[in-house]
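Colleague: Below you'll find the structure I mean.
The values are calculated or read from the model by the stated rules, or taken from the named source; none is laboratory data. Here the structure is a predicted model, which means the values were calculated and not measured. As a convention, Cβ positions derive from the backbone with ideal geometry for all residues, glycine included, and neighbour counts pool all protein chains shown.
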Ligand code: SDX
């Protein structure tokens, strides 16, 4: 973080003394104005609901340029990582800052592979849930419960403990997501196998049964692996900010990731892929798109085009483009080129990209628009889409959490407010209350 020559000066029209703030430059992207002394010197707060103009931290992990539609993990463009790397290489990169060489990759893969089993008693947590419980409620509960098994790695100030927890979380998420799926199906849990890749292992735990082995299809495994890469991290989004804020209190990493899962569940965030597929189902056919778009434009309907729009990308989400390509590959592999949902999605995208209402508001497809169609084609139930998102994002959350804990500037996050409630008043006796 380099101090800029330029300073920011805040002056007041009521003659109060003006105040100067330092400006810092990052390596790329917008400069920041350091306002930390504002309240101490003026007794005033800044006001920024939704943090549209607020940098909450100094990070070196992921960079997004919303206008250029650019996404970099540790400086590498997502387009190159999605084609040249697999998900565990991407995990290594996000955690360590550099891509692994062959030896480092083998060691990392082995370490993760040998942590994919969960404690045998974890299965008892599932029995407390209804079979039709939403998988995200199961994941919030079971990931939080992991903390009760790993008292040997909860000292967040010990870098070794932080690394062990990171490996455990990355390794066990697929097992827990697959267990949530099997539990909802009333099928027995399938244990991970050490002779399969991370993503093939997950697909086997999802789709194998005691009666029939899962035949690994490399095209489908590669497609899901790419989905995991595309969802691995995304700067200071809502769930990552939740993980950072939880971690700033010293909460253990399992509790912080459970908090991130809870936030990701929302339809405005990670729940959008499930909502986007439900939207396509509700629209039903291409001839009904016009009627639906009319509803979206009518603000009073409260209907949104799920899978469209983004707080940062005011141009195409680079992940959506890659996801659309993956869609084509998977549907072709499965002989579903004429998949009605995919055709409907492409027709909807075309209409939205030409319609002034969406163009004016810079609403383009985001990562969630196509990911549901691909996952559906892979046989993943709609309700599990956000669980897959959480499985992918766990590495991003834990990398950001680790960066925050090791940041010497780190302190507990504690925003203030503009208070618009009642000034002080006395409690009236019951007889005088209206
Ligand atoms: C993810 O932050 C991240 O990086 C998230 C994520 C990640 O990887 O972590 O990228 C993952 O969460 C992607 C986003 C998935 N969510 C959706 O697809 C849900 C639908 N999208 C919207 O809810 C919305 O676009 C947001 C929440 C994504 C962004 O909302 P903003 O930035 O607060 O924008 P806004 O709500 O102020 O919208 C600006 C205008 C408004 O209209 P006006 O008041 O100007 O007339 O656009 C309209 C909004 O009403 N608008 C939409 C819309 N999104 C915004 N109108 C219809 N459909 C939509 N999807």
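Colleague: Would you check which residues across the stretch 274-290 are out of contact with any helix residue (DSSP H, G or I) (no Cβ under 6 Å at 6 or more places or on another chain) and more than 13 Å from the ligand (Cβ to nearest atom) and list them?
Modeller: Result: 281, 282, 284, 285, 287, 288, 290.
Colleague: Next up: Before we move on, is residue 207 touching a residue at least 60 places away in the same chain (Cβ under 8 Å), out of contact with any helix residue (DSSP H, G or I) (no Cβ under 6 Å at 6 or more places or on another chain) and either within 15 Å of the ligand (Cβ to nearest atom) or closer than 21 Å to residue 330 by Cα (or both)? Give the derivation first.
Modeller: Numbers: touching a residue at least 60 places away in the same chain (Cβ under 8 Å): yes; out of contact with any helix residue (DSSP H, G or I) (no Cβ under 6 Å at 6 or more places or on another chain): yes; either within 15 Å of the ligand (Cβ to nearest atom) or closer than 21 Å to residue 330 by Cα (or both): yes.
Taking the combined requirement at face value, the residue satisfies it.
The rows are residues; the columns are (1) over 25 Å from the mean Cα position of the chain (by Cα); (2) within 11 Å of the ligand (Cβ to nearest atom); (3) within 29 Å of residue 265 (Cβ to Cβ).
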position: 339; (1), (2), (3): yes, no, yes
position: 370; (1), (2), (3): no, no, yes
position: 379; (1), (2), (3): no, no, yes
position: 397; (1), (2), (3): no, yes, yes
position: 417; (1), (2), (3): yes, no, yes
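Colleague: Also, I was wondering about something else. If I filter the stretch 354-364 for residues that are more than 12 Å from the ligand (Cβ to nearest atom) and assigned to a helix (DSSP H, G or I), do I get at least one hit?
Modeller: Looking through the stretch 354-364, at least one residue is more than 12 Å from the ligand (Cβ to nearest atom) and assigned to a helix (DSSP H, G or I).
Colleague: Where the second residue is at pLDDT 95 or above and surrounded by 10 or more Cβ atoms within 10 Å (Cβ to Cβ) and the first is under 30 Å from residue 156 (Cα atoms) and lies in the stretch 405-434, which pairs have Cβ atoms under 6 Å and are six or more apart or on separate chains?
Modeller: The qualifying pairs are 410/404; 412/248; 412/249; 413/245; 413/248; 416/45.
Colleague: For the stretch 1-28, enumerate the residues that are exposed (fewer than 14 other Cβ atoms within 10 Å of the Cβ) and within 27 Å of the chain's Cα centre (by Cα).
Modeller: 1, 27, 28 - these are the residues of the stretch 1-28 that are exposed (fewer than 14 other Cβ atoms within 10 Å of the Cβ) and within 27 Å of the chain's Cα centre (by Cα).
Colleague: For the stretch 21-35, which residues satisfy the criterion of being closer than 13 Å to residue 57 by Cα, in contact with a strand residue (DSSP E or B) (Cβ under 7 Å, 6 or more places away or on another chain) and outside any strand (DSSP E or B)?
Modeller: Listed by number, the residues that qualify are 31, 34, 35.
Colleague: Evaluate the stretch 36-47: report whether one residue or more is touching a strand residue (DSSP E or B) at 6+ places or on another chain (Cβ under 8 Å) and within 16 Å of the ligand (Cβ to nearest atom). Spell out how you get there, then give the answer.
Modeller: Going residue by residue through the stretch 36-47, those that are touching a strand residue (DSSP E or B) at 6+ places or on another chain (Cβ under 8 Å) are 37-38, 41-42.
Cutting the leftovers down to within 16 Å of the ligand (Cβ to nearest atom) gives us none.
Taking every residue of the stretch 36-47 in turn, none turns out to be touching a strand residue (DSSP E or B) at 6+ places or on another chain (Cβ under 8 Å) and within 16 Å of the ligand (Cβ to nearest atom).
Colleague: Under the condition of being within 18 Å of residue 280 (Cα to Cα) and touching a helix residue (DSSP H, G or I) at 6+ places or on another chain (Cβ under 6 Å), which residue from the stretch 381-395 is nearest to the ligand (Cβ to nearest atom)?
Modeller: This residue is 386.
Residues are listed down the side, and each one gets a yes or a no for (1) within 15 Å of the ligand (Cβ to nearest atom); (2) under 26 Å from residue 155 (Cα atoms):
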residue	(1), (2)
231	yes, no
238	yes, yes
242	yes, yes
258	no, yes
267	yes, no
272	yes, no
292	yes, no
301	yes, no
306	yes, no
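Colleague: Find the residue count for the stretch 308-322, including only residues that are within 12 Å of the ligand (Cβ to nearest atom) and either more than 22 Å from residue 50 (Cα to Cα) or without any contact (Cβ under 8 Å) to a residue 12 or more places away in the chain (or both).
Modeller: So the first thing to find is which residues in the stretch 308-322 are within 12 Å of the ligand (Cβ to nearest atom), and the list is 308-314, 317-320.
This time we only want the ones that are either more than 22 Å from residue 50 (Cα to Cα) or without any contact (Cβ under 8 Å) to a residue 12 or more places away in the chain (or both), so: 318-320.
Qualifying residue count for the region: 3.
Colleague: Filter the stretch 151-206 down to residues that are within 21 Å of residue 138 (Cβ to Cβ) and at pLDDT below 95, then give me how many there are.
Modeller: Going through the stretch 151-206 one residue at a time, the tally reaches 0.
Colleague: I would also like to ask the following. So, in the stretch 310-322, how many residues would count as being over 19 Å from residue 223 (Cα atoms) and surrounded by 22 or more Cβ atoms within 10 Å (Cβ to Cβ)?
Modeller: Residues meeting the conditions: 2.
Colleague: Can you tell me how many residues within the stretch 325-342 are assigned to a helix (DSSP H, G or I), surrounded by fewer than 20 Cβ atoms within 10 Å (Cβ to Cβ) and at pLDDT below 90?
Modeller: Residues meeting the conditions: 3.
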